[in-house]
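Working notes, beginning with the structure itself.
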Amino acid sequence: MAAITRDGTVRFGLQLPIQTLTRTLVDPWEEKATPADLVAIAKRCDERDLDFVGVCDHVAIPDDDYARNMSTTWYDTVATLGFLAAQTSRIRLVSTIWVAAYRHPLQTAKAFGTLSHLSNGRVILGVGAGHVRGEFEALGIEFETRGRRLDESLRAIRGAFDAPYVSHAGEFYRYAKVGVGPGPRGALPIWIGGRGRNAWRRVGRFGDGWIPMANDKRPYSEAIDVMRAAARAAGRGEVAFDVGYMPAWAYLLGPVPASLPTGGLRGGAEGLVEDLRAARAVGANTFHLRFRARSVEEYLDQLDAFRERVWPEVARD
């Protein structure tokens, strides 16, 4: 197990645009964006020394009230990360988040072990329990057991590379003396998404980091205490975690254009610096950034502005 953030340092990354067109996340320009635009953003993140880029995970979006604001376009996670791995050189590639219950744990281990092998160890497996009941139903997987399935999957994935041939006997998965090489290059960090004590305990038992699903700073002291206590109870001792924080949407290039969605938007570099510093003060060290833009060119300019005007103010001790 291996957190990527050293004591006293911070990491910056973002969930990529374009790879999902869900209505709550997309800006109008993304509707006509191309794979070349996606590559350009990933490359700019690589060039500007951001630490990670993330790709979401959904398989089949149902046509129901719960999913009414979700587009059917969600790029396949592993295919997209593999495509971007070949176009970049150093940035880490994260699934934000992979719904582990949708796949057998050996399938997850195979996919992310291979991706890590091919990318020279640049992969982080971000996992979660999932939330779209209709998607579980379409895939023939019981929705109510998703938390237990995730816990068992994490145990199985962690053990998949312990030996050339491994065995597992659990509530949902059973196999004996099978191998899933190639394994990852070095350790495969695992970040776990979710809210509340169950998610925090899961991070402590199995994970290297926490992906928050909101930007409320109030729970951080409790969350970190719960993660550390769960790690000790699981026999892991005192371990470090990549403690995530997801700030509000940012626009760093002057007054916010009237054509951009304003929901949750915090404009200005100074405001983002203040927010990230406050998150760092309560224990966050891994920042999942979100930017609004009107074009791919403006999105690239946002990344440049972040690197020049925000990063130095937040990263310094």
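The values are calculated or read from the model by the stated rules, or taken from the named source; none is laboratory data. Bear in mind the structure is a predicted one, so any value in this text is a computation, not a measurement. Here the Cβ positions follow ideal geometry from the backbone for every residue, glycine too, while neighbour counts run over all protein chains shown. Please note that ligands, DNA and RNA were not included when accessible areas were found on the heavy atoms of the full protein model with its side chains. Shrake-Rupley method; radii C 1.70, N 1.55, O 1.52, S 1.80 Å.
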query = For the range 171-215, how many residues are in contact with an Asp or Glu (Cβ under 7 Å, 6 or more places away or on another chain) and among the aliphatic types (A, V, I, L, M)?
reply = 1
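Among ALA293, ALA279, ALA240, which is the only one that is part of a loop (DSSP other than H, G, I, E, B), open to solvent by less than 10 Å² (accessible area, probe 1.4 Å), touching a residue at least 60 places away in the same chain (Cβ under 8 Å) and among the aliphatic types (A, V, I, L, M)?
Working: ALA279 fails: part of a loop (DSSP other than H, G, I, E, B); ALA240 fails: open to solvent by less than 10 Å² (accessible area, probe 1.4 Å).
Testing whether each residue is part of a loop (DSSP other than H, G, I, E, B), open to solvent by less than 10 Å² (accessible area, probe 1.4 Å), touching a residue at least 60 places away in the same chain (Cβ under 8 Å) and among the aliphatic types (A, V, I, L, M) leaves just ALA293.
Looking at the range 300-310, is at least one residue of a type in the set (S, T, N, Q), closer than 23 Å to ARG48 by Cα and either without any contact (Cβ under 8 Å) to a residue 60 or more places away in the chain or in contact with a Lys or Arg (Cβ under 8 Å, 6 or more places away or on another chain) (or both)?
Narrowing the range 300-310 to residues of a type in the set (S, T, N, Q): 302.
Adding the requirement that they be closer than 23 Å to ARG48 by Cα leaves 302.
Still in the list and also either without any contact (Cβ under 8 Å) to a residue 60 or more places away in the chain or in contact with a Lys or Arg (Cβ under 8 Å, 6 or more places away or on another chain) (or both): 302.
Scanning the range 300-310 turns up at least one residue that is of a type in the set (S, T, N, Q), closer than 23 Å to ARG48 by Cα and either without any contact (Cβ under 8 Å) to a residue 60 or more places away in the chain or in contact with a Lys or Arg (Cβ under 8 Å, 6 or more places away or on another chain) (or both).
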ask   = Could we say that ALA3 is modelled with pLDDT of 95 or more, open to solvent by less than 60 Å² (accessible area, probe 1.4 Å), of a type outside the set (Lys, Arg) and part of a loop (DSSP other than H, G, I, E, B) here?
value = no
inquiry  = Criterion first (touching a His at 6+ places or on another chain (Cβ under 9 Å), under 26 Å from ARG201 (Cβ atoms) and open to solvent by less than 30 Å² (accessible area, probe 1.4 Å)) does VAL127 satisfy it?
reply    = no
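Report those helices (runs of 4 or more DSSP H) wholly inside the range 96-175 carrying at least 3 residues which are within 22 Å of PRO212 (Cβ to Cβ).
Working: elements: 105-118, 133-139, 146-159.
Per the criteria, 146-159.
Give the number of residues within the range 50-68 that are assigned to a loop (DSSP other than H, G, I, E, B) and of a type in the set (A, V, I, L, M, F, W, C).
Step one: of the range 50-68, the residues assigned to a loop (DSSP other than H, G, I, E, B) are 50-51, 56-68.
From the residues that got through so far, the ones that are of a type in the set (A, V, I, L, M, F, W, C) too are 50, 56, 59-61, 67.
The qualifying residues number 6.
Being assigned to a helix (DSSP H, G or I) and under 28 Å from THR22 (Cα atoms) is the filter here, so list the residues in the range 258-276 that pass it.
First, the residues of the range 258-276 that are assigned to a helix (DSSP H, G or I): 269-276.
Answer for the range 258-276, where residues must be assigned to a helix (DSSP H, G or I) and under 28 Å from THR22 (Cα atoms): ALA269, GLY271, LEU272, VAL273, ASP275, LEU276.
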Residues that are open to solvent by less than 10 Å² (accessible area, probe 1.4 Å) and closer than 24 Å to PHE241 by Cβ, drawn from the range 6-55 = PHE12, GLY13, LEU14, LEU16, CYS45, LEU50, PHE52, VAL53, GLY54, VAL55
query = Can you name the residue in the range 158-183 that is open to solvent by less than 40 Å² (accessible area, probe 1.4 Å) and in contact with a Gly (Cβ under 9 Å, 6 or more places away or on another chain) and, of all such residues, is farthest from LEU115 (Cα to Cα)?
reply = HIS168
